[in-house]
Structures are given as C-alpha cells and as structure tokens.
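The values are calculated or read from the model by the stated rules, or taken from the named source; none is laboratory data. Predicted model only: the values in this text are computed from it and were never measured. Quick reminder, even Gly has a Cβ in these numbers, built from the backbone with ideal geometry, and neighbours come from all protein chains shown. To get the accessible areas, we keep the full protein, side chains included, count just its heavy atoms, and leave off ligands, DNA and RNA. Shrake-Rupley method; radii C 1.70, N 1.55, O 1.52, S 1.80 Å.
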Amino acid sequence: MAGSQSTSLCIAVCEAGGIGSIPCAMLTPQAVREQIATIRAATKAPFNINFFTHVLPPDDAAAEARWMQRLAPYFAEAGIDPATISPAPPRLPFGEAMVDVVEEMRPPIVSFHFGLPAPRLLERVRATGAKILSSATTVNEARWLGERGVDAIIAQGVEAGGHRGMFLSDDLDAQPGLFALVPQIVDAVDVPVIAAGGIADARGVAAAFALGASAVQIGTAYLLTPQATTSPLHRAAIKNARDDATRLTNLYTGRPARSLLTRFMREQGPINPLAPLFPQATNAAVPLRTAFEARGSNDFSPLWSGEAGALAREEDAGALTQRLWNETRALMTQQAARF
C-alpha cells in the first residue's frame, strides 16, 4: 500500500496480533533501513517488508510522446507545460542494493509482488532466515512460486485493490475471483495459502478459512484508520464507495491496478493500450494528480481500493485487527455449532 501507509500502521497491526507490512517499492535503501529500525524500536512482533520484482521496460520515447500528446488537453486544463515535466521518482525492482539491506537488517518476513527476484538474489534473502512470500493471481503462478521454494503463497483474487501481482500472463480476462482461486491453489501447492482481495470483515475472513486459506491479507479496510497516510481525497472516496465503484486501470502506472473510478479512467480507459509500460506511465500521471489535487479534485488521483471498499470503517488499526480476529472466531464457532 505504497503511498497510504508508513511505520505507524505496521506497528499498530503488529501490536494487535497481526503481521504488519511496509511497502518498499518506492523507498530508498536508507529509508527501508530507517523504517525497519523504527518498527523494531516499537514492537517485538514479526513484520513483513514488501518489494516489487518487475522488469524495467526499455525506454520508448515515441510511446511517451504519443501518450503526452493524447493527454495534452488535460495538461492545458491544469496549466502545465509538458516540456517542464520531470520524470517521476523511479519504482525500481528488488536488486543488489535492497538485498544488501535485507542481509543487514534481517527482517523476519520478506514478500514480493510480480513474481520473485533473480535466483541469486532470492537465495541471499533465504540465507538470512527470512520467510519468503509472493503473490499469485492464477494456479499456474502459484505452482511456479511453489517450485521455487516460497514459504507461503498469497492468492490475490481479482477483487483486490492496487496492482495485480500477475507475472506469467497479461490476460486480465483470465484472472479468477478470490473464492474460486483459493481452493484451487490450496489443492495445487504444499505450502500455506494467504487469501487476499475483497476481504474487509469477519465474514470474508471466515469464508477464506473455510476454503482452505491459512491466513488472510487485508488492505483496503485499513485505509480509513488514523494510522494510514491515506489522503483526505482518497478517504472521502472510500467512504462513498459502492460495490460497483472500482475498475482495473493501467493509466496511473502502466500496469493493471484496481482503483475507484475517476474522471481520468472514464475518459481514457480504464485500460488504454497507449499508456506507457510500468512504471513509465507515472511520468504523465503524477503531475496531473498533483495539479488537480491542489484544486481539491481527485479526477486524476489513483484511488486504490478493493471491491469491498464500502465495508471499510473509520477505526483505529489495532482495534480493527483485534475486532476482525475476535468476530471471525465467534462467527466460525457459530457456524461449527450449526453443523
């Protein structure tokens, strides 16, 4: 949940009995060191650090120019001269600099999105003793991860907010929903499966357990907590979310990611083949977002949210974690009694 959380949310979840995470895809190695140190100073509980393992595309000046030309009316509306736009901060894949940090700081859990890093890097992570997790959006991806020795697999249903973790296929139509995906991955691999996507309350947690998941991963439900760094515009959008309010879009970063529907998505997508490949699409999206947010508009903001965003509540992150666990246990006890 890069951009929507820092160490405070991670610590609150850890202290309440969950496994908090910190997103590292947009952090420098030094920032990762500092955040790990902050977490360790506040809690003795295990935590997770998450990295992207995408492959950077070659520079494509022609594609960038076509996209900038297509968005020219928006830049004019925002009062932006496209010639003054600087490239957005890079989203670098997990590499030598970050594996050095893992070896130095030795976090208990390391997770990856978009597959796994190169084998030599993965082995260096494994040698630290860290548990290794990664996301799978299909059974084939889960088998691929299992063959490479991950300790658990995150089954990411198509309902999930933010970036799809898909890495063996780019066919969005082939992406299963969570409750079809979880039991098939459970049957296909020999490691624990963590269910992610569209889970925001005890009913979703209990259902995932019933389908064979060993744990659940929850994101959107935490975006309204005071510990989250979710912007006021993003918070307001989630508070007004409906079940049909999200779409998968590549406009903001160049990879499919689930966001609440915005003007940008309605007018240019939500999936547009002209958008530059990840992460180069951010070069145009970031200045538009900045300009329109300064006017109080979320027209060009990536409002990441899962399909269950309407179930999110304003609640302390620690209290939310404890409530989810307590209500899930009570619900599962009630269900067991019925049978």
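Residue count for the range 308-332 under the criterion of being in contact with a Pro (Cβ under 8 Å, 6 or more places away or on another chain) and either open to solvent by less than 20 Å² (accessible area, probe 1.4 Å) or of a type in the set (Lys, Arg) (or both): the result is 1. The residues on offer are Ala200, Ala213, and the sole one that is in a loop (DSSP other than H, G, I, E, B), closer than 18 Å to Gly162 by Cβ and among the aliphatic types (A, V, I, L, M) is Ala200. Given Arg235, Arg247, which one is over 22 Å from Ala195 (Cα atoms) and either modelled with pLDDT of 95 or more or open to solvent by less than 30 Å² (accessible area, probe 1.4 Å) (or both)? Residue meeting the stated conditions: Arg235.
Take the conditions (1) touching a strand residue (DSSP E or B) at 6+ places or on another chain (Cβ under 9 Å); (2) touching a residue at least 60 places away in the same chain (Cβ under 8 Å); Glu15 misses just one of them, which is (1). For the subset of the range 284-307 comprising residues that are in a loop (DSSP other than H, G, I, E, B) and open to solvent by 10 Å² or more (accessible area, probe 1.4 Å), which member is nearest to Ser4 (Cα to Cα)? Filtering the range 284-307 for residues that are in a loop (DSSP other than H, G, I, E, B) and open to solvent by 10 Å² or more (accessible area, probe 1.4 Å), the one nearest to Ser4 (Cα to Cα) comes out as Pro302.
When the range 80-128 is limited to residues that are without any contact (Cβ under 8 Å) to a residue 40 or more places away in the chain and touching a Lys or Arg at 6+ places or on another chain (Cβ under 6 Å), the one that is nearest to Gly165 (Cα to Cα) turns out to be Val99. Whether any residue in the range 261-275 is open to solvent by less than 50 Å² (accessible area, probe 1.4 Å), under 26 Å from Ala155 (Cα atoms), touching a His at 6+ places or on another chain (Cβ under 8 Å) and not in a helix (DSSP H, G or I) is what I want to check. Taking every residue of the range 261-275 in turn, none turns out to be open to solvent by less than 50 Å² (accessible area, probe 1.4 Å), under 26 Å from Ala155 (Cα atoms), touching a His at 6+ places or on another chain (Cβ under 8 Å) and not in a helix (DSSP H, G or I).
Annotation note: Cβ proximity below 6 Å between a residue of the range 236-249 that is more than 10 Å from Gly161 (Cβ to Cβ) and a residue that is hydroxyl-bearing (Ser, Thr, Tyr) (sequence gap 6+ or interchain) occurs for Thr249/Ser259. Take Ser305 and tell me if it is out of contact with any strand residue (DSSP E or B) (no Cβ under 6 Å at 6 or more places or on another chain), of a type in the set (Gly, Ala, Ser) and under 30 Å from Val55 (Cβ atoms). Against the criterion (out of contact with any strand residue (DSSP E or B) (no Cβ under 6 Å at 6 or more places or on another chain), of a type in the set (Gly, Ala, Ser) and under 30 Å from Val55 (Cβ atoms)), Ser305 does not qualify.
Residues in the range 32-51 that are under 14 Å from Val13 (Cβ atoms) and aromatic (Phe, Trp, Tyr): 1 in all. For Thr230, the test of being open to solvent by less than 40 Å² (accessible area, probe 1.4 Å) and either in a helix (DSSP H, G or I) or touching a residue at least 12 places away in the same chain (Cβ under 8 Å) (or both) is passed.
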